[in-house]
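Asker: One structure follows; several queries about it will come next.
Read the figures in this text as sums done on the coordinates, not as results from a lab. Bear in mind the structure is a predicted one, so any value in this text is a computation, not a measurement. Backbone-built Cβ (ideal geometry, glycine too); neighbour counts: all protein chains shown.
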Amino acid sequence: MKNPRQFFQPLAVGAPAPPQQLPVRLERMIHFVPPHIEKVRAKVSTLIQQVDVVLGNLEDAIPVDAKEAARRGFIEMAHANDFGATGLWTRINALNSPWALDDLTELMAEIPNKFDVVMLPKVDGPWDIHYLDQLLAQLEARHGARKPILIHAILETAQGVNNVEAIATASPRMHGMSLGPADLAASRAMKTTRVGGGHPDYRVLSDADPAAAGAPRASAQQDLWHYTIAKMVDACAAAGIKPFYGPFGDFSDPAACEVQFRNAFLMGCVGAWSLHPSQIDIAKTVFSPDPAEVAFARKIVTAMPDGAGAVMIDGKMQDDATWKQAKVLLDLARLVAEKDPEMASRYGL
Ligand code: GLV
Ligand code: MG
């Protein structure tokens with residue numbers, strides 16, 4: 001194990017010090033764009049006003065013959081726009097691919113002070129993070145980066161899930177993690193062909209009634225991703241980094257997307273990917289706390305200003321622990337309100 005005294009030391013002479021705390025930022029949706037498409041790049045300036053994070057995707061879904069164009073397109077869109085409070089991230093290719101090294105060296109040479117986070121796919125263990133950590137430090141030092149680039153891992157291999165806690169604590173650059181249900185399904189040999197979401201055949205059936213042979217039995221679909229999201233949320237919360245739901249591939253089913261996002265939100269995730277413009281508003285709605293919940297949270301905090309003791313509100317017992325839950329909702333509502341005047345008025349902030 002690394003000596004704790006060295007954990008926050010830069011890994012290269014001249015690189016900026018790694019962060020001790022994550023920047024406080026609203027990241028309800030990470031909006032994916034394919035940067036090799038000029039028409040898409042032309043819309044980035046509008047997108048910046050609509051989303052919390054713009055991500056230039058260089059990995060899966062970018063055709064092999066467009067990999068270099070995507071990298072160049074990302075550099076171009078980074079130069080061409082002022083992102084303000086909106087995050088600019090990239091998803092590089094996997095470390096064992098022919099493109100990852102050039103993705104990093106070219107991006108760091110051209111835009112070392114323009115993007116915030118590298119999303120790393122197919123992370124199997126802390127060794128992947130250590131490699132990227134060291135390489136980023138060298139490139140930051142060489143190209144005069146003023147602030148450290150953060151790392152966001154995709155949890156999308158069975159080995160990665162086994163090592164999730166070690167991944168979460170592998171570097172002070174760790175920003176967070178996203179569930180990658182498509183690659184993870186393949187890695188685990190799950191019998192699905194979907195990008196996230198549920199499956200109608202994954203269900204439980206109520207007991208048969210011996211007095212009513214053959215009568216229909218109640219049955220309910222279960223959440224295929226519950227276990228992994230729970231494991232990821234615990235690993236991230238324990239490490240002080242952020243968990244995200246990843247992609248939902250059925251653009252024709254906004255209701256199912258909303259439910260999947262909401263389950264993740266309720267379990268502790270802070271955001272999800274939007275792969276289609278229609279998913280931006282879904283993520284915005286789901287990952288901004290419900291005004292009624294915020295109003296109730298405010299009642300708790302008002303009734304117990306110092307967070308101690310116990311009170312009854314609307315027949316429900318409140319104590320130190322519910323005060324802390326209320327603080328989570330209120331802190332998030334304040335963050336949303338800073339960015340969104342309409343939500344600010346709905347929260348009464
Ligand atoms: C995302 O990359 C996934 O594989 O689901
Ligand atoms: Mg993937």
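Asker: Let me know the volume per residue of the alpha-carbon convex hull for region 293-347, in Å³.
Answerer: For region 293-347, the hull spanned by Cα atoms encloses 66 Å³ per residue.
Asker: Related question: Would you please put 84-92, 125-133, 185-193 in order of how densely packed they are, using the mean number of other Cβ atoms within 10 angstrom per residue and starting with the highest?
Answerer: 84-92, 125-133, 185-193
Asker: Using C-alpha positions alone, give me the convex hull volume of region 254-320 per residue in cubic angstrom.
Answerer: Taking the convex hull of the Cα positions in region 254-320, it is 104 Å³ per residue.
Asker: Rg (Å, one decimal) plus Dmax (Å, integer) for the alpha carbons of region 212-349?
Answerer: Final numbers for Rg and Dmax: 18.0, 59 Å.
Asker: With unit charges on the beta carbons (Lys and Arg positive, Asp and Glu negative) and the dipole taken about the Cα centre of the chain, which residue among 232, 7, 200 sits farthest to the positive side?
Answerer: Checking the options against the dipole of the chain, the answer is 7.
Asker: Could you compute Rg(Cα) / (2.2 N^0.38 Å) for the chain, with N its residue count?
Answerer: Ratio of Rg to 2.2 N^0.38 Å for the chain: 1.07.
Asker: Aspartates and glutamates near residue 39 by alpha-carbon distance under 14 Å, same-chain residues fewer than 8 away left out - which ones?
Answerer: 76
Asker: Pop out the ³J(HN,Hα) list for region 97-109 in order, Karplus 6.51 cos²θ - 1.76 cosθ + 1.60 with θ = phi - 60°, rounded to Hz; leave Gly and Pro as x.
Answerer: After applying 6.51 cos²θ - 1.76 cosθ + 1.60, I find 8, x, 10, 4, 5, 5, 3, 6, 5, 6, 5, 5, 5 Hz.
Asker: Now for a different question. From the helices alone, meaning DSSP H stretches of at least four residues, give me the mean residue ellipticity at 222 nm for the chain, per-run term -39500 (n - 2.57), in deg cm²/dmol to the nearest 500.
Answerer: -13000 deg cm²/dmol, from helical runs alone.
Asker: For region 86-139, list log₁₀ I(q)/I(0) at each q in 0.18, 0.28, 0.29 Å⁻¹, using the Debye formula over Cα point scatterers of equal strength and ignoring solvent, two decimals each.
Answerer: Results for region 86-139 at q = 0.18, 0.28, 0.29 Å⁻¹ read -0.57, -1.32, -1.39.
Asker: Rounded to the nearest 5, what % of the DSSP beta bridges within the chain are antiparallel ones?
Answerer: 20 percent
Asker: Continuing with the same structure: Grab region 293-347 and count how many Lys pairs have their alpha-carbon atoms under 16 Å apart, sequence gap of 8 or more, or different chains.
Answerer: Taking the Cα cut-off of 16 Å, the pair count is 4.
Asker: How big is region 127-229 by the Kirkwood estimate over distinct Cα pairs, in Å?
Answerer: Its Kirkwood hydrodynamic radius stands at 17.0 Å.
Asker: Can you tell me which of 231-244, 254-267 comes out highest on packing, and rank the rest after it, using the mean Cβ neighbours within 10 Å?
Answerer: Output ranking for 231-244, 254-267: 231-244, 254-267.
Asker: On C-alpha positions alone, give me the angle between the axis of helix 254-267 and the longest principal axis of the chain, in degrees, nearest 10.
Answerer: So the inclination is approximately 90 degrees.
Asker: Quick one: if you take sqrt(5λ) for each eigenvalue of the C-alpha gyration tensor of region 1-157, what semi-axes come out, biggest first, whole angstrom?
Answerer: 25, 18, 15
Asker: Along each principal axis of its Cα atoms, how long is region 241-292 end to end? Whole angstroms, biggest number first, please.
Answerer: 27, 27, 15
Asker: Going by average Cβ neighbours within 10 Å, how do the peptides 298-310, 163-175, 17-29 rank, with the highest at the top?
Answerer: 163-175, 17-29, 298-310
Asker: With each label point set 7 Å from Cα along the Cα-Cβ vector, what nm distance links residue 342 and residue 106?
Answerer: Output for this residue pair reads 3.9 nm.
Asker: Going by amide H atoms built from the backbone, whose H comes under 5 Å of the H on residue 224, apart from near neighbours?
Answerer: Sorted by chain and number, the residues that satisfy this are 199.
Asker: Given the C-alpha centroids of region 181-244 and region 108-122, what is the distance between them in whole angstrom?
Answerer: Comparing the Cα centres of region 181-244 and region 108-122, I get a distance of 34 Å.
Asker: When the chain is treated as a GNM, springs tying every alpha-carbon pair under 10 Å, which of 134, 221, 49 comes out with the largest mean-square fluctuation?
Answerer: Of 134, 221, 49, the most mobile in the Gaussian network model is 221.
Asker: Still on this structure: Over the chain, with a Gaussian network built from C-alpha contacts below 10 Å, which listed residue (98, 34, 289) shows the highest mean-square fluctuation?
Answerer: 98
Asker: Would you mind telling me the antiparallel percentage of the DSSP bridges in region 93-237, rounded to 5?
Answerer: Among the beta bridges of region 93-237, antiparallel pairing accounts for roughly 25 percent.
Asker: Multiplying the sequence separation of residue 6 and residue 40 by 0.36 nm and subtracting their Cα-Cα distance, what value in nm do you get?
Answerer: Fully extending the segment from residue 6 to residue 40 adds 8.0 nm.
Asker: Over the Cα atoms, compute the radius of gyration (one decimal) and Dmax (the largest Cα-Cα distance, rounded to a whole number) for region 193-274, in Å.
Answerer: My reading of the Cα-based Rg and Dmax gives 16.3, 54 Å.
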